[in-house]
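Some notes on the structure that comes next.
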Amino acid sequence: MHIARACLATTGLLLLAACSTTEPVAPPPPAEPAPVSTAQEATVVLASASGSRVSGKLGLVPVTGGVHVRGEVGGLAPNGRFGFHVHEKGDCSAADATSAGSHFNPAGAPHGRAGSGAHHGGDMDNLTSNAEGVAAVDAHLHGVTLGGGAANDIAGRAVIVHADPDDYQSQPTGNAGARVACGVIKVVR
């Protein structure tokens, strides 16, 4: 009797297995390659805005995971901190640099601190000036490219220095105050 039940149960399972149909699963489409920088170098000449005396020069080069920014900004208040961002438009024509638009934010992320959680593609750490009002720039933009035209490409966009420090929290711009310098990212090679 136990053998008959076991045979009957096994036969039932085999019939169920034979009756079930599973659709073949199609492989996922190939992933698009991640955008890469096509430019090797860019420069930014920062000119004063909003009646300030702030100016400077920056060099940008692509690195793994983003773009590195180096240079110097002068004419700042001594021993201060100042917001520093890439903005969406490469237009510094307005006297207060509002023509540069909002922070560059291709992913639609909330404003934050670069390298620590969600942030705009254009978010960078604050600049810190010395006793002479000069800030040495050594910053990294995460998740952006330089050249190539991808959605995260910063070539042709503006770099802005703000009058106040970025608090890395207030939405949408970190409460960094007036725009005191503006320059366009220009690919040089």
When (1) under 21 Å from Ser102 (Cα atoms); (2) at pLDDT 95 or above; (3) surrounded by 19 or more Cβ atoms within 10 Å (Cβ to Cβ); (4) not basic (Lys, Arg) are applied to Gly51, the one that fails is (3)
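Report, by residue number, each residue of region 144-189 that is among the small types (Gly, Ala, Ser) and closer than 11 Å to His103 by Cβ.
Within region 144-189, Ala158, Gly174, Ala176 meet the criteria.
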Before we move on, is Gly108 free of Cβ contacts under 8 Å to residues at least 12 places away in the same chain and over 27 Å from Pro78 (Cβ atoms)?
yes
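In region 151-176, how many residues are at pLDDT 95 or above and outside any strand (DSSP E or B)?
Number of matching residues: 7.
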Inspect region 100-118 for any residue being closer than 15 Å to Val180 by Cβ, of a type in the set (A, V, I, L, M), in contact with a Ser or Thr (Cβ under 7 Å, 6 or more places away or on another chain) and modelled with pLDDT of 95 or more and give the result as yes or no.
no
State the number of residues belonging to region 34-64 that are basic (Lys, Arg) and over 30 Å from Pro78 (Cβ atoms).
0
How about region 56-89: which of its residues are surrounded by fewer than 21 Cβ atoms within 10 Å (Cβ to Cβ) and under 16 Å from His103 (Cα atoms)?
Glu88, Lys89
Region 137-189, subset closer than 13 Å to Gly121 by Cβ and charged (D, E, K, R), residue farthest from the chain's Cα centre (by Cα):
Arg157
A careful count of residues in region 52-93 that are free of Cβ contacts under 8 Å to residues at least 40 places away in the same chain and either assigned to a loop (DSSP other than H, G, I, E, B) or closer than 17 Å to Asp164 by Cβ (or both) gives 3
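The values are calculated or read from the model by the stated rules, or taken from the named source; none is laboratory data. Keep in mind that this is a model prediction, so the values were computed, not measured. Every residue, glycine among them, receives a Cβ derived from its backbone with ideal geometry; neighbour counts consider all protein chains shown.
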